[in-house]
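Okay, so here's the structure we're looking at.
The values are calculated or read from the model by the stated rules, or taken from the named source; none is laboratory data. What you see is a predicted model, and the numbers here were worked out from it, not measured in a lab. Heads up, the Cβs are rebuilt from the backbone with ideal geometry, glycines too, and the neighbour counts pull from every protein chain shown. The protein model used for the area step is the full one, side chains on, heavy atoms only, and it has no ligands, DNA or RNA in it. Shrake-Rupley method; radii C 1.70, N 1.55, O 1.52, S 1.80 Å.
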Amino acid sequence: MASFRFERPAAPRSPRRLQRPPDFTGPRLSRFREVWWRHGFPGLVFAVLLYFGVADGAAVVCGSMTRALGHPQPYVLGFSVLCVVLVAHARRRAGSWKPATLLWIGYLGALSLWEEWAFRVALPQWLMDQSLPSVGAVVLANALFGGMHYVTLRWRWQLCLGAALGGLLLSRNFAVQQDLLLLGALHWVGTYLNTPHPPSPR
């Protein structure tokens, strides 16, 4: 008589995790407040310090948003469209609407803007004020950007290297366009695609 054996179906492949496995530096970041205190809040403080650290921080900010200040309508429209697209994508991906998703997308947008200000505009400017050549200032700022993700978000080193190289491309874009809001939008999309959902204990 033939024997039958129950086999458990293979578990679906889990999405790529950006974080390293738990080690001596700590566990995975599984709650929003952990991400905020380890990455978001220190990044915001760093951005504020750079605002006051660079020579005439207000002028540097205005210079990085000249187009948006002169012609705000396309930026308002683009921001609105981008919000709708990201929210619709998140809803389609999750299969249902969750208010926390909207807050997460908004947080990623704000985070992207102050990180672009800090690492693509203010920090290179501050380093050049300290007599560092422009190329060296840009490379060092983006190396610190990649290293920050290794420490605060506990990314794998390959992903941190990719973040640093991507930062160099954004720095090149800023050198040509001088548009901080464009950098923030590009960063926002990339960050969302990497982490489309809020952190969860599961």
* Give me the compactness ratio for the chain, meaning the Cα radius of gyration over 2.2 N^0.38 Å. => 1.21
* What are the residues whose amide H is under 5 Å from the amide H of Trp155, where those residues sit 5 or more places off or on another chain and H is modelled from the backbone? -> Arg20, Tyr150
* To do: Scan the chain and report its longest stretch carrying no chymotrypsin sites (Phe, Trp or Tyr not before Pro) that are both in a DSSP loop and have at most 11 other Cβ atoms within 10 Å.
  => 98-202
* To do: Could you work out which residue, out of Leu153, Leu69, Leu182, moves most in a Gaussian network model of the chain, that is, has the largest mean-square fluctuation with Cα springs under 10 Å?
  => Leu69
* Structure fact -> Around Leu50 (Cβ within 13 Å, Cβ-to-Cβ, excluding Leu50; K/R +1, D/E -1) the net charge comes to -3
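Carbon and sulfur: what percent of region 149-197's accessible surface (1.4 Å probe)?
With neighbouring chains kept in place, the figure for region 149-197 is 71 percent.
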* Helix 41-53 axis, angle to the chain major axis (alpha carbon atoms, nearest 10°) -> 10
* Asked: For the chain, with every protein chain kept in place, what is the accessible area per residue (1.4 Å probe, Å²)?
  -> 63
* Would you mind checking the tilt of helix 157-177 against the longest principal axis of the Cα atoms of the chain, expressed as 0 to 90 degrees and rounded to 10? => 40
* Any chance you could run the full-extension gain for Leu140 through Ala94? It's 0.36 nm times the residue separation minus the Cα-Cα distance, nm to one decimal. => 12.7 nm
* Quick one: Karplus J couplings for region 128-140, per residue in order, coefficients 6.51, -1.76, 1.60, θ = phi - 60°, nearest Hz, x for Gly and Pro? -> 5, 5, 8, 6, 7, x, 4, 5, x, 5, 5, 5, 5
* Could you give the angle, 0 to 90 degrees to the nearest 10, between helix 72-94's Cα long axis and the longest principal axis of the Cα atoms of the chain? -> 10
* **Accessible surface of region 56-119, 1.4 Å probe, proportion on carbon and sulfur as whole %** => 72
* To do: May I ask which residue of Val85, Thr66, Ala47 lies farthest towards the positive end of the charge dipole of the chain, with charges of +1 (Lys, Arg) and -1 (Asp, Glu) on Cβ and the Cα centre as origin?
  => Val85
* Select from Pro99, Pro22, Pro72 the residue whose mean-square fluctuation is largest in a Gaussian network model of the chain (Cα-Cα springs shorter than 10 Å). => Pro99
* Asked: Looking only at Ser112, Ser96, Ser80, which one moves most when the chain is put into a Gaussian network model with springs between Cα atoms under 10 Å?
  -> Ser96
